[in-house]
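Asker: Provided herewith is a single structure, encoded as structure tokens, for subsequent inquiry.
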Amino acid sequence: MGRMARRLAPQILTLAALVALVSVFFPNFINISFDGSRFVGPIIDVLKRSAPIALLAVGMTLVIATRGIDLSVGTVMAIAGAVAAWAITSGLGLPLTLALALAAGLAAGLWNGALVAIIGIQPIVATLILMTSGRGIAQLITEGRILTFSDPGFAFIGSGAVFGIPFPTVLWMATAVAFAVLMRRTALGLLIEATGVNRAASALAGVNATVILIAVYMASGLCAALAGIVTTADIRGADANNAGLWLELDAILAVVIGGNSLLGGRFSIAGSILGALIIQTINTGIVLSGFPSEYNLVIKAGLVIIILVLQSPNLSADWIYLRSVLLPRRAD
Amino acid sequence: MLLSIRSLSKSFPGTKALQGVDFDLAAGEVHGLLGENGAGKSTLIKCLTGAYRRDGGEMFLQGHSINPTSTAEAQTLGIGTVYQEVNLLPNMTVAQNLTFGSEPRRFGLVDARMQSRKAREILAPYGIGIDVDRDLGAYPVAIRQIVAIARAVELSGKVLILDEPTASLDAAEVRLLFSIVGRLRDEGLGIIFVSHFLNQVFELCDRVTVLRNGRKIVTAETAQLDRLRLISHMLGRELEEAERHDRGASGQNAERREPMIRFEGLGRAGMIEPFDLSVERGEVIGLAGLLGSGRTETAQLMFGVRSAGSGTTEDAQGRVAHGSPREAIAAGFGFAPEERKADGIAAELSVRENIILALQARRGWMSRIPRAEQERLAAHYIEKLDIRTSDAEKAIGDLSGGNQQKVVLARWLAMNPRFLILDEPTRGIDVGAHAEILRLIHEITAEGMSILVISSELDELVAVCDRVIVLRDRRHVAELVGEDVSTDAIVRAIAKPDAAKVVEPA
């Protein structure tokens, strides 16, 4: 556990610094209260709203660990949301609705994985295909409308609470823990990392790299479907045009802020989750701090650049050098 | 002295790469820098060229203290470097490469005619008549090497560092390179020559300096050193007999061993003509031949890297499927490929993870090898194969070539295969590790494993093999057995098939 804490220290410090920063502008940021049925407060809001990015980041972490990237996850959210909304309005019942939505995500992942692993298309191009064309599929399913529904069971996924904690929060936490345990308790983590570091060498050592690659894209599709279900349930409607729009970029950013290399190899799901929380803290924090909304993207961009610069490996050598210069002086 | 280095030190986390190293280079000498992998040669050169910042010590060029912080600065000071992999731009013309960064300009634009003329002037003394307006990539490595030297001399002109320049050259190209190096020496350059090839060091160098474990062991006139002394300086011990192993231990067992696997008519159009090969238990088979003769292709078909177009494979139990690496592994095969970095190791992962990778892949992702068992396996093989690493969690990419090769060997030994294919197992590794790997081959065959060794070093094949198959033009042309295995016989078989016994169809 000590090693993990050290590995994640920059992300944890960044998150703490952001919370402190937002608290300067909005002192009530860290207040949490219990309104009789659930916890409420800005932090709880962050934990709830980070669900889509956090879920996407879990799957994206695995894809990036194989030296790939999945640009289609935002679109897959829309597809899964559309499928879910269509299924629930068609009266198929909640279990079947969820199963169909998740199956849509897995199918999208299978498609991406096959393009990458079997046909050998570069991941960025392979997933770009579904990213652009998939919204059309979602629109076909919703027939171009925003498909609304009022099923209370389905809506619970977006706005319900378990033991006072918002259900989306429970869902992303459970998903992250499940994936992290799956990766480290089985050999999947090692096989994914080996495939990412050197696919040729791994294949020669008997690793079924093709299946591993398809599996990570399917995992990413599954996570995207979960995110799509949460988003759809939250607004009680499927919006094929806007659901998950640009979220793939936030998910990639979360993975990178989490300290995972885009060149594949070693990965940390916990790091990506912290990255997702950092992004959502920025999103929520800007709004709460009362800046005019047109400043949001600029402030976010500035903060992200600062975070990435501080984390850059080129700089860390300079920090060590700087410290060695400054410390003796302090001793005088 | 042209260049003096005094008690140079450099440490990396966990290792002292250089400790108080002194080094002198006179104008007009070729100075060989020798040492096993990990001895500190490249660290010394990188400190000299500004790629690393030294921790301690001083460097003087013509009496002035220097402190380069980048290769560009080192070049301006007068220190130029040419690496084994030429670091020029193959998609630009020779002229552009030679004048890169100092292009002749006219009205602010590059003057192409002037550029070509300048390039021809630079190359004139080297006596290679090439078209400077063609892309550098169109020329063979030797020419590119010379262009790189010409550029380095033009830019720097005092000290020239040649880092393994001959590794990918043939004999005639080496001659050409040596004549050029000789001329530059006569013109008063100081040249540092790093090489694994002792013959070349003896031929070319006026003096040699031997490094071992980050310390300078000796500097001596080449004429006063004999080869055995030099090698024992490098290894820090008297050379073991391992290199001159007689094949007695494994080869002269009178009774033929039981056949284990029979490949019949295995081949694939464009890769290798169909061949037959019967592998016996506990024997070492060598594959000899020139580059491109079909040695690696033979191994690839056997291990299912490429699927065979024809042929059947059988063992005592019947047909053996080996159409993919996974099938081949299931059939009890192992394969340590030639390109260690590209196909062998997962550089970022630890020694432990690299050792257990194949074993874990065979067990499947569901049944993870428990951490304690992984550590036990890693510790076992680190000790058994004498893998030099600070610990099992170190990234394998940080190890020297010989130790990386041992880890790849350990990966397969952990699988306990019945048939292990080693493609150039000693390429690019130092003398000490070289001998150890040959010794290991002997040891593991004694336990009943059969090994197929592909090697360009005939001495090595003669030292370890019971049988040598000779290949030429993608065809198995001859087989030498037992007493007949000698470098002489192999060379004759490569050159002229009739001189050796032609493989009889099984």
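Asker: Kindly indicate the residue of the stretch B:332-351 that is surrounded by 15 or more Cβ atoms within 10 Å (Cβ to Cβ) and without any contact (Cβ under 8 Å) to a residue 60 or more places away in the chain and also farthest from the other protein chains (Cβ to nearest Cβ) among those meeting that condition. Lay out the reasoning, then the answer.
Answerer: As a first pass, look at the stretch B:332-351 and keep what is surrounded by 15 or more Cβ atoms within 10 Å (Cβ to Cβ): B:332-338, B:340, B:343-351.
With the extra rule that they be without any contact (Cβ under 8 Å) to a residue 60 or more places away in the chain, the set shrinks to B:343, B:346-351.
Values: B:ASP343: 5, B:ALA346: 4, B:ALA347: 6, B:GLU348: 4, B:LEU349: 6, B:SER350: 10, B:VAL351: 13 Å.
Once the filter is applied, the top-ranked residue is B:VAL351.
Asker: Confirm whether B:GLU221 is outside the structural domain of B:GLY35 (by TED's automatic domain parsing) and at pLDDT 85 or above.
Answerer: no
Asker: What do you reckon, is A:ALA126 surrounded by fewer than 18 Cβ atoms within 10 Å (Cβ to Cβ), closer than 25 Å to A:PHE267 by Cβ and more than 14 Å from every other protein chain (Cβ to nearest Cβ)?
Answerer: No, not satisfied.
Asker: I would also like to ask the following. Take B:ALA74 and decide whether it is buried (at least 18 other Cβ atoms within 10 Å of the Cβ), assigned to a helix (DSSP H, G or I) and of a type outside the set (Val, Ile, Thr).
Answerer: Yes.
Asker: Another question, if that's okay. Need pairs with beta-carbon distance below 8 Å; first residue facing chain A (nearest Cβ under 7 Å) and crowded, with 20+ Cβ neighbours inside 10 Å and within the stretch B:352-375, second among the aromatic types (Phe, Trp, Tyr) and assigned to a helix (DSSP H, G or I); sequence gap 6+ or separate chains.
Answerer: From the stretch B:352-375, the pairs are B:ALA358/B:TRP412.
Asker: Under the condition of being modelled with pLDDT of 75 or more and in contact with a helix residue (DSSP H, G or I) (Cβ under 8 Å, 6 or more places away or on another chain), which residue from the stretch B:234-276 is farthest from B:ARG439 (Cα to Cα)?
Answerer: So, considering only residues that are modelled with pLDDT of 75 or more and in contact with a helix residue (DSSP H, G or I) (Cβ under 8 Å, 6 or more places away or on another chain), the one farthest from B:ARG439 (Cα to Cα) is B:ARG268.
Asker: Determine if the stretch B:48-58 includes at least one residue that is surrounded by 19 or more Cβ atoms within 10 Å (Cβ to Cβ) and of a type in the set (A, V, I, L, M, F, W, C).
Answerer: Looking for residues that are surrounded by 19 or more Cβ atoms within 10 Å (Cβ to Cβ) and of a type in the set (A, V, I, L, M, F, W, C), one finds at least one in the stretch B:48-58, hence yes.
Asker: If I filter the stretch B:30-47 down to residues being assigned to a strand (DSSP E or B) and either of a type outside the set (A, V, I, L, M) or surrounded by fewer than 23 Cβ atoms within 10 Å (Cβ to Cβ) (or both), which single residue comes out as farthest from the chain's Cα centre (by Cα)?
Answerer: By that ranking, first place goes to B:HIS31.
Asker: Only residues in the stretch A:182-204 that are facing chain B (nearest Cβ under 7 Å) and over 18 Å from B:GLU338 (Cα atoms) count as the first member; pair them with residues that are in a helix (DSSP H, G or I) and among the acidic types (Asp, Glu), Cβ under 9 angstrom, at least 6 apart or cross-chain, and list the lot.
Answerer: Matching pairs, first to second residue: A:LEU190/B:GLU353; A:GLU193/B:GLU353; A:ALA194/B:GLU353.
Asker: If you take the residues in the stretch B:310-331 that are charged (D, E, K, R) and farther than 25 Å from A:PHE267 by Cβ, which one is farthest from the other protein chains (Cβ to nearest Cβ)? It would help to see each step written out before you state the result.
Answerer: Quick first cut of the stretch B:310-331, residues charged (D, E, K, R) only: B:314-315, B:319, B:326-327.
Imposing the further condition that a residue be farther than 25 Å from A:PHE267 by Cβ reduces the set to B:314-315, B:319, B:327.
Working: B:GLU314: 22, B:ASP315: 19, B:ARG319: 20, B:GLU327: 9 Å.
Taking the candidates together, the pick is B:GLU314.
Asker: Continuing with the same structure: What residue, of A:GLY264, A:GLY237, A:GLY259, is over 21 Å from A:ARG7 (Cα atoms) and at pLDDT below 95?
Answerer: After ruling out the rest, the residue left standing is A:GLY237.
Asker: Residues of the stretch A:78-133 being aliphatic (A, V, I, L, M) and assigned to a loop (DSSP other than H, G, I, E, B), which ones?
Answerer: A:LEU92, A:ILE121 - these are the residues of the stretch A:78-133 that are aliphatic (A, V, I, L, M) and assigned to a loop (DSSP other than H, G, I, E, B).
Asker: Scan the stretch B:385-400 and tell me whether some residue there is within 24 Å of B:ALA331 (Cβ to Cβ), within 14 Å of another protein chain (Cβ to nearest Cβ) and assigned to a loop (DSSP other than H, G, I, E, B).
Answerer: The initial filter retains those residues of the stretch B:385-400 that are within 24 Å of B:ALA331 (Cβ to Cβ), namely none.
No; the residues of the stretch B:385-400 include none that is within 24 Å of B:ALA331 (Cβ to Cβ), within 14 Å of another protein chain (Cβ to nearest Cβ) and assigned to a loop (DSSP other than H, G, I, E, B).
The values are calculated or read from the model by the stated rules, or taken from the named source; none is laboratory data. Please read these numbers as outputs of a predicted model, since none were measured by experiment. Every residue, glycine as well, gets a Cβ built from its backbone with ideal geometry; the counts of neighbours run over all protein chains shown.
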